[in-house]
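What follows draws every value from the coordinates through simple rules; no lab data is involved. Model, not experiment: these values are computed from the prediction. Neighbour counts run over all protein chains shown; Cβ positions are idealised from the backbone, glycine included.
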Amino acid sequence: MTLADSNTLESEKKSTSGELACSLSLESYLQRIREALPTVDRTLRDHGDKTIAQYLETQNVFSATSFQPRDDLAEVVYNYAKPLLGEEVAREAASELLANPVVLTANHHGVDYFAQSVQGTLIFSLRKINGKQAKTVPVFACGNVPINNFTYPRGAILYPNGFSEKSGFHVKFPVFPSKNRRDSVCTVRAFNIGDVEAFKRKIIKSINPDFKDRVETIIDQTYSPVVNLDNYSNQSVIVNALIWERFFERTECPTKLVYLELEKIASKLIEYDLESENSLFNMVFFEKRARDLLFSALKGKKNCWDYFKQENNKYKSSGTFFFWGVDKKGRRVPLFQRDIEGKYKLFGESDSGEELLFDIDKESIASAIKERRIIPSLFSSYLVINMARGVTGLGGYYQSDYLPEMQNKVLDVLSDIYPNENSSSIKSVKTDGYLSGMQVLTNVIEGAVFPVGPLEIMLQGMSYESYRSIENISVEESHELSMIETLFDLDLIEKDFSFVGNLCKSLKAYEVLDPIN
């Protein structure tokens with residue numbers, strides 16, 4: 001991998017009036033992103049000229065104290081990771097989590113091919129613990145998302161790279177058939193050998209024949225070993241780790257990726273918390289006055305709940321109250337509290353008319369969690385992981401706005417209902433952590449700078465020197481390199497390859513993958 005000559009690229013970029021116009025439009029599109037995303041605007045204003053290494057230092061911080069001990073979180077991570085990644089990796093992940101309770105929460109669970117999140121994970125992997133390179137990369141990824149969403153955990157994304165024969169900014173290849181597209185990552189069935197073979201045929205049919213054998217080997221060695229596991233969530237933990245190791249085939253892999261489902265971790269912690277009267281979860285969920293105050297305070301807030309929308313069958317945007325229900329099809333159902341014959345319950349109705357009902361008592365909640373009939377919402381997950389146990393979660397460009405608001409409302413409720421409770425440790429938790437919307441590795445094709453995802457990195461390889469040089473790219477430059485996918489996510493541009501290709505020609509390359517040999 002070589003560092004591109006940025007001066008040459010700059011002169012080439014401005015060689016024609018058309019390209020200069022595109023360069024000017026690039027600035028205007030970046031401004032539109034800043035206007036749409038306050039987090040990005042603040043980050044570029046306060047840290048834009050910092051290097052990635054300097055920025056990581058500002059984010060890799062945590063509260064010295066926590067409302068509840070972190071030991072059980074380390075235990076949960078160890079027990080979760082051990083059967084999937086091995087005892088050594090699990091032990092190291094648990095140990096580093098206690099020493100440095102900072103995790104990446106920006107990603108969606110599933111096998112990750114989305115360039116923006118993959119490269120965000122690469123950036124996070126550069127963090128240090130007590131001045132030394134961390135050995136593990138802890139990602140607590142949201143699993144309660146449809147497999148067909150923007151990041152596409154349903155299958156693989158290929159980017160322009162010189163080996164794909166399909167045109168387009170990116171091309172998607174599903175592992176799961178269409179009938180599963182609405183299922184969530186955390187509830188969808190495991191993929192089987194038939195799914196993998198069909199997936200492999202689709203990709204191989206669409207790529208340059210010169211790379212057929214290498215791609216076939218990659219798929220066989222990363223997907224085939226996990227076809228006998230019982231769910232996609234666990235399969236993803238292993239596949240992501242195997243892909244990560246292949247990034248560093250040119251050198252010894254410097255870190256181990258521990259890519260876990262956020263909701264599974266939160267579920268186990270809630271099971272523990274149900275046995276402790278003084279746990280934060282018990283204090284705000286089983287005390288009706290606290291529950292009512294929270295319901296009102298966070299009603300209509302992002303990633304919380306909106307009862308009005310649920311009552312009017314707008315399930316996709318209604319959010320949910322503390323937990324999602326899971327219907328017989330394995331799909332999530334919003335839940336809200338309802339007084340039924342003098343007893344409050346969590347109630348929900350699926351879009352197919354199936355009613356779900358859960359008593360609000362410890363035994364019922366514990367049973368429903370163990371049977372995966374309910375899944376913690378983002379609010380509940382952050383409540384028990386971040387607020388209760390003082391973990392810093394470096395999130396996406398929305399999380400650093402909504403999580404501080406959740407934190408403040410929880411503090412308000414505690415102040416009203418438990419005035420003698422010392423909640424200073426909850427207040428000290430860093431909840432505005434941000435590590436998303438950035439990319440550092442690119443391909444340059446006919447003068448246009450394109451993102452690269454896992455398959456491109458695996459095929460082209462990455463030296464240790466190039467991996468470390470990521471630290472020297474600025475925060476502003478990394479946001480520029482990722483702006484196409486951010487614009488897509490915000491629906492600010494048309495997904496037209498000709499237009500996007502011209503926009504990509506105005507980008508400046510910094511760390512460029514070597515040509516495929």
May I ask you to evaluate 6.51 cos²θ - 1.76 cosθ + 1.60, the Karplus curve with θ = phi - 60°, for each residue of region 429-434 and list the ³J(HN,Hα) values in order in whole Hz, giving x for glycine and proline? 5, 6, 10, 9, x, 9
Going by C-beta contacts inside 10 Å, put Asp306, Asp46 in order with the fewest on the left. Asp46, Asp306
Efficiency of FRET from Cβ geometry, Leu411 and Lys288, R₀ 22 Å, rounded to 0.05: 0.70
Residues with amide H under 5 Å of Met462's amide H, sequence separation 5 or more or different chain, H placed in the peptide plane at 1.01 Å from N; which? Glu249, Arg250
Tell me, how many Å apart are the Cα centres for region 226-286 and for region 337-392? 20
The chain - share of DSSP beta bridges that are antiparallel (%, nearest 5): 70
Coarse-grained scattering of region 417-511 at q = 0.12, 0.14 Å⁻¹, given as base-10 log I(q)/I(0) from a Debye sum over alpha-carbon atoms: -0.52, -0.63
Residue-wise, which Karplus ³J(HN,Hα) couplings in Hz belong to region 43-52, taking 6.51 cos²θ - 1.76 cosθ + 1.60, θ = phi - 60°, and x for glycine or proline? 5, 5, 5, 8, 9, x, 8, 6, 6, 4
Quick one: which of Lys212/Lys256; Lys179/Lys205; Lys132/Lys505; Lys172/Lys370; Lys200/Lys301; Lys50/Lys82 span more than 30 angstrom between C-alpha atoms? Lys132/Lys505; Lys172/Lys370; Lys200/Lys301; Lys50/Lys82
Exposure-ranked with fewest Cβ neighbours within 10 Å first, Glu261, Glu245 stand as Glu245, Glu261
Between Ile445 and Arg373, how high is the FRET efficiency from 1/(1 + (r/R0)^6) when r is the Cβ-Cβ distance and R₀ = 56 Å? Nearest 0.05. 0.70
How large is ³J(HN,Hα), in whole Hz, for each residue of region 100-105 in order, when computed from phi with the Karplus curve 6.51 cos²θ - 1.76 cosθ + 1.60 and θ = phi - 60°, using x for Gly and Pro? 8, x, 10, 10, 8, 10
Excluding Glu92 itself, what net charge comes from residues whose Cβ is under 12 Å from its Cβ, given Lys and Arg +1 and Asp and Glu -1? +1
Counting other C-beta atoms within 10 Å, which of Thr222, Thr39 has the fewest, and how do the rest follow? Thr39, Thr222
Compactness of region 364-474, expressed as Rg and Dmax over alpha-carbon positions, Å: 20.7, 66
Which residues' amide hydrogens lie under 5 Å from the amide hydrogen of Gly155, considering only partners 5 or more residues apart or on another chain, with H built in the peptide plane? Val175
Over region 182-267, what portion of Cα pair distances is larger than 15 Å, expressed as a whole percent? 66
Can you tell me the equivalent ellipsoid semi-axes for the chain? Use √(5λ) from the Cα gyration tensor, largest first, whole Å. 38, 25, 23
Given an 8 Å cut-off on Cα distances and at least 6 residues of separation, report the relative contact order of the chain as a percent. 25
